[in-house]
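Inspection log for the structure reproduced underneath, given as C-alpha cells.
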Amino acid sequence: MGKKLHTEILIRPIVTEKSIKLVEEQNQYCFEVAKGVSKKDVKQAIEKKFKVKVEKVRILNLIGRRTVWGRKRITGRRVDMKKAIVTLKSSDSIDLFKVK
C-alpha cells in the first residue's frame with residue numbers, strides 16, 4: 001500500500017452492541033479501514049495511534065446490500081466497506097470504547 005498515515009488507514013471505530021461485547025470479553029476492537037490496506041498496515045496504524053501492542057488483526061470485506069426506498073420503489077445499494085477486528089494484548093486497552 002505504500003507509506004500512509006494512520007489517519008488515512010483508520011476511518012472510524014465501529015461501536016455497536018456486538019463490538020462492545022467483543023471488547024469486554026475478548027479484548028478485540030473493531031474499526032472501519034480504508035480499502036486496499038493490509039493487516040500489517042492496520043497493525044502499525046493502531047500501535048502508533050493508540051500506543052498499544054497488537055497481537056492479531058482480522059480483516060473483513062463487507063459488501064453493501066441492495067435496498068429499496070420510497071413509494072416509487074427506487075433501488076440502490078449501500079456502501080461497501082472494509083472492517084478490521086484487532087486483538088490487543090491483555091494488558092492493553094483503548095479508552096475510546098469504554099462504556100460508563
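From the list Glu55, Glu25, the lone residue that is in contact with a Ser or Thr (Cβ under 8 Å, 6 or more places away or on another chain), of a type outside the set (A, V, I, L, M, F, W, C) and over 20 Å from Met81 (Cα atoms) is Glu55. Looking only at residues of region 1-16 that are surrounded by 15 or more Cβ atoms within 10 Å (Cβ to Cβ) and modelled with pLDDT of 75 or more, we find that the one that is farthest from Val33 (Cα to Cα) is Ile14.
Look at region 27-60 and say how many of its residues are of a type in the set (A, V, I, L, M), closer than 18 Å to Thr16 by Cβ and surrounded by 13 or more Cβ atoms within 10 Å (Cβ to Cβ). Before the answer, list the steps.
Pass one, region 27-60, residues of a type in the set (A, V, I, L, M): 33-34, 37, 42, 45-46, 52, 54, 57, 59-60.
Cutting the leftovers down to closer than 18 Å to Thr16 by Cβ gives us 33, 59-60.
Going one step further and asking which of them are surrounded by 13 or more Cβ atoms within 10 Å (Cβ to Cβ), we end up with 33, 59.
Qualifying residue count, region 27-60: 2.
Taking region 61-100 as the range and being loosely packed, with under 11 Cβ neighbours inside 10 Å, part of a strand (DSSP E or B) and not charged (D, E, K, R) as the test, the residues that pass are Asn61, Thr67, Val68, Trp69, Ile74, Thr75, Gly76.
Within region 23-40, is there a residue that is acidic (Asp, Glu), over 18 Å from Thr7 (Cβ atoms) and either assigned to a loop (DSSP other than H, G, I, E, B) or free of Cβ contacts under 8 Å to residues at least 40 places away in the same chain (or both)? Yes.
Applying the condition of being touching a helix residue (DSSP H, G or I) at 6+ places or on another chain (Cβ under 7 Å) and modelled with pLDDT under 95 to region 63-100 and asking which residue is farthest from Ile20 (Cα to Cα) yields Ile94.
The values are calculated or read from the model by the stated rules, or taken from the named source; none is laboratory data. Computed from a predicted model, the values in this text were never measured in an experiment. Reconstructed Cβ throughout: ideal geometry from the backbone, glycine too, with neighbour counts over all protein chains shown.
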